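**Student:** Take a look at this one; I'll ask things after.
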Amino acid sequence: MRAFGYTVARDPAEAVRLAAHTPGSTFVAGGTDLLNLMRDGAEAHDHLIDVNRLDLGRITVAAGSLRIGGAARMRRVAEHPGVRREFPMLTEALLASASPQVRVMASIGGNLLQRTRCGYFRDAASPCNKRVRGSGCPAITGQNRGHAILGGSEHCVATHPSDLAVALTALDATVHLLGPGGARAVPIGGFYLLPGSTPDRETVMRPGELITRVDVPRTALAGRSRYLKLRDRATFEFAVVSVAAALRTRGGVVRDVRLAFGGVGTRPWRDTRVEAALRGRPLTRQAIDEAGGLLVGDAKPYEGNGFKVELVQRALASVLGELGGLR
Amino acid sequence: MIYHGSRFTFRPDVPPGRRTTALDSLRDQGRTVPSVTSFLVGRDAGGAYEWGAVFVVEDLAGYRAFLTHPASRYADRIVRPMLDASISFDLTDDPDPKAAARIDEVRRHVLGTPAPSRRTVLKAVAAGTAAAATGVAAPAAAPAAAQAYGVAPGASVEVSMTVNGRLRRVAVEPRVTLLDALRERLGLTGTKKGCDRGECGACTVLADGERVKSCLTLAVMRQGAEITTVEGLARGEELHPVQEAFIRNDAFQCGACTPGQIMSAVACVDEGHAGSEAEIREWMSGNLCRCAAYQNIVAAIADAAREVRR
């Protein structure tokens, strides 16, 4: 790694102020993705601002929502009794992520902002529009087995790698930010950007902003949720396809449903048309198949990832069948 | 025992609210620094100063840990710019006539002006921070202790960690990983560098009791941490139950991944994730073995878990 400076911030306001006044700086919490990005030359920073002493690690179940501090660790969130009880999908998504060691280290904010695992992005010798805008995208005609079938553009088809982000997308979480312009809250559905012609911009975060908290509404629906992750090996691997699903039925009829998908989109993928197709209908194989068909209606598969079109529909059928008690 | 104290008077223009903040930061220092056994922040009855603070630590190691703790640096940075006059002192009941000189040496080493080549710090950032955080003008020469946490690119900073029960200090650049600090600076080569990117787990150590990949964390981020490496597991000649179990079960071939496997396994058993073969395999997934000795590694961990439960 090339040389960089380092400052420990004492409180969130100071962290944000330091970031605004220190050129080429970025925040570091766990560092589990950042250090590799800097080693690989995918990112270069002149200064790291350590946000581990900011008291942003709390996890509280408040009246209307679960509040997760931006610097809370994956392990702590996954093990939190309130999370396990009311948001089983979050615990499942977290425990299906990374390795036990990394879950001890990695923060929630960092998890949401981790960069894609596209091999061309991580290889500084390859062109990549996400790394250097306008340099080209070798993935579209190259190795694209891990890439997106939804939401891509001619400039980028990389997937977002976070399982947690998929689960939070299904649960309508809100991301709280603090920056030079003050504090603001962004619904997670509007947090991640499609690549379009600027795949280097992945979120709506402005320069110098810090994720201070993620809020997840407490609903009965969240308690009936699952995260299904399909991988190339049993564990310690990114998703080929994943489904975050929450379902309430009464008398076999879908009362409410939330669905989000990982591994298939250029951002954590939610399509409310799919949910609408199921809501109010009896949960049958046919209804699920029709919903799955809607999901992949706009899919654009490439040479290596065409199998995802079928796989994501089967994953959806599997998880809904399980949640809905279908045989 | 070492009694580290100071007596001070605030500048007349420091408003009451800021004085309270300053006194609170001193009390926080007493509450959060682990080596402080007792402390008092109160009115100075001697007449020459308004306030006094005394922190009691057990020994020289505790004293050093106190001075280098982030809470101390923080309090120093908050309080110092507000002061009109202050003196500090150290008292000890150690009968050794050289004790005072050793205390003085530690104090000068930690707080004194550092050699520019090793501990050059980013003065602009530190001074700007102090001013912003306290709302008062930073002193022309910011105190050395307040600067120690802003490090310029290419410069080094001193990191204090308790490694295998001993307080160790290393001067490192921010880009030095915990793994490299352990191996290259402290000579603890039991921790292995495999992939150096968090995939293989050979570099697993315990940080404050939890397993981490030491290649994915910077040494500067572990200021004040308690680190255990494979060298610190045995008690004298007596191996840790997990080490014993690895030998009993022949749980290695080439041995390169073994220190990481063992450290991860210690945590795995500790966490209660060694209840079945499937559970062990899932919770040991962050440790790869190129020889594929997994069968025996899993057996060893199950064995160790039974041993520990007994």
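Values in this text are rule-based calculations from the coordinates and carry no lab data. Predicted model only: the values in this text are computed from it and were never measured. Ideal geometry is used to build each Cβ from the backbone, glycine not excepted, and the neighbour counts take in all protein chains shown.
**Student:** Please report, for the Cα atoms of the protein assembly as shown, the Rg to one decimal and the Dmax as a whole number; what are they, in angstrom?
**Tutor:** 26.8, 88
**Student:** Still on this structure, please answer the following. For the protein assembly as shown, with only Lys/Arg (+1) and Asp/Glu (-1) charged at the beta-carbon, what is the dipole magnitude about the Cα centre, in debye rounded to 20?
**Tutor:** 1220
**Student:** I would also like to ask the following. Going by the alpha-carbon gyration tensor, a ≥ b ≥ c the square roots of its eigenvalues, is the range B:215-267 rounded (a/c under 1.5) or, if a/c is not under 1.5, prolate (a/b greater than b/c) versus oblate?
**Tutor:** oblate
**Student:** Counting alpha carbon pairs within less than 8 Å and at least 6 residues apart, what relative contact order, in whole percent, applies to chain B?
**Tutor:** Normalised by residue count, the contact order of chain B is 13 percent.
**Student:** Mind checking which of B:36, B:54, B:72 is farthest towards the positive end of the range B:1-94's charge dipole, using Cβ charges of +1 (Lys, Arg) and -1 (Asp, Glu) about the Cα centre?
**Tutor:** Farthest along the dipole direction, towards plus: B:72.
**Student:** Right, next: Please give me the summed charge of the neighbours of residue A:17: other residues whose Cβ is under 12 Å from its Cβ, Lys and Arg +1, Asp and Glu -1.
**Tutor:** -1
**Student:** Something else now. Can you work out ³J(HN,Hα) from phi for every residue in the range A:267-276, in order, using Karplus 6.51 cos²θ - 1.76 cosθ + 1.60 and θ = phi - 60°, giving whole Hz and x for Gly and Pro?
**Tutor:** Once θ is set to phi - 60°, the couplings for the range A:267-276 become 9, x, 9, 10, 9, 5, 5, 5, 5, 4 Hz.
**Student:** Within the set of other residues whose C-beta is less than 15 Å from the C-beta of residue B:252, count the net charge using Lys and Arg as +1 and Asp and Glu as -1.
**Tutor:** 0
**Student:** Report, to two decimal places, the Cα Rg of chain B normalised by 2.2 N^0.38 Å (N = number of residues).
**Tutor:** Normalised Cα radius of gyration, chain B: 1.20.
**Student:** Further question on the same structure: Hey, if you put +1 on the Cβ of every Lys and Arg and -1 on every Asp and Glu Cβ in chain A, which of A:88, A:182, A:32 ends up farthest toward the positive end of that dipole?
**Tutor:** Value computed over the given set: A:88.
**Student:** Kindly flag which residue pairs out of A:229/A:308; A:308/B:213; A:229/B:193 have an alpha-carbon separation exceeding 24 Å in this structure.
**Tutor:** In this structure, A:308/B:213; A:229/B:193 lie more than 24 Å apart at Cα.
**Student:** So who's got an amide H within less than 5 Å of the one on residue B:163, skipping anything under 5 residues away but keeping other chains? H placed 1.01 Å off N, in plane.
**Tutor:** Amide H neighbours of residue B:163, under 5 Å, 5+ apart: B:168, B:227.
**Student:** May I pose another question? In peptide A:47-53, how many Cβ atoms from other protein chains are near each Cβ within 10 Å, on average?
**Tutor:** If you average over the peptide's residues, the count of other-chain Cβ atoms is 4.
**Student:** To continue, here is another question. Residue by residue, what Karplus-based ³J(HN,Hα) values in Hz, rounded to whole numbers, does the range B:180-188 have, using 6.51, -1.76 and 1.60 with θ = phi - 60° and x for Gly and Pro?
**Tutor:** These are the phi-based 3J(HN,Hα) values: 5, 4, 5, 6, 8, 9, 9, x, 8 Hz.
**Student:** With angles folded into 0 to 90 degrees, how steeply does helix A:12-21 sit against the dominant principal axis of chain A? Use alpha carbons for both and round to 10.
**Tutor:** Rounded to the nearest ten degrees, it is 60.
**Student:** Along the three principal axes, how long is the range B:241-309 when you take its alpha carbons, biggest first, rounded to the nearest angstrom?
**Tutor:** 29, 22, 17 Å, listed from the longest principal axis down.
**Student:** With charges set only on the Cβ (+1 for Lys and Arg, -1 for Asp and Glu), what does the dipole of chain A come to about its Cα centre, in debye to the nearest 20?
**Tutor:** So the dipole magnitude of chain A works out to roughly 740 debye.
**Student:** Still on this structure, please answer the following. Run down the aspartates and glutamates and flag those whose C-alpha is under 15 Å from the C-alpha of residue A:130, throwing out any fewer than 8 positions away in its chain.
**Tutor:** Filter leaves A:40, A:43, A:154, A:200, A:202.
**Student:** So, one more: Where Rh denotes the Kirkwood radius from the mean inverse Cα pair distance, what is Rg over Rh for the range A:222-324?
**Tutor:** Value, to two decimals: 0.96.
**Student:** For residue A:212, list long-range residues whose amide hydrogen, built 1.01 Å from N in the peptide plane, is under 5 Å from its own amide hydrogen.
**Tutor:** For residue A:212, the qualifying residues are A:176, A:177, A:178.
**Student:** Rounded, prolate or oblate: which one fits chain A, using the alpha carbon gyration tensor with axes a ≥ b ≥ c (rounded when a/c is under 1.5, else prolate when a/b beats b/c, else oblate)?
**Tutor:** oblate
**Student:** Okay, moving on. Summing +1 for each Lys or Arg and -1 for each Asp or Glu, what net charge is found among the other residues whose Cβ lies under 10 Å from the Cβ of residue B:218?
**Tutor:** Local net charge: -1.
**Student:** While we're on this one: Output wanted: per-residue J couplings in Hz (rounded whole) for the range B:21-37, from phi through Karplus 6.51 cos²θ - 1.76 cosθ + 1.60, θ = phi - 60°, x for Gly and Pro.
**Tutor:** Each residue's phi maps through the Karplus curve to give 4, 5, 5, 5, 5, 5, 5, 4, 4, x, 6, 9, 6, x, 7, 7, 8 Hz.
**Student:** Could you list which residues have their amide H under 5 Å from that of residue A:66, counting only those 5 or more apart in sequence or on another chain, with H placed in the peptide plane?
**Tutor:** A:216, A:218
**Student:** Picking from B:262, B:87, B:280, which is most flexible by a Gaussian network model of chain B using Cα springs under 10 Å?
**Tutor:** Greatest mean-square fluctuation among the candidates belongs to B:87.
**Student:** Based on Cβ point charges of +1 for Lys and Arg and -1 for Asp and Glu, what charge dipole magnitude is obtained for the range A:222-324 about its Cα centre, in debye rounded to the nearest 20?
**Tutor:** 440
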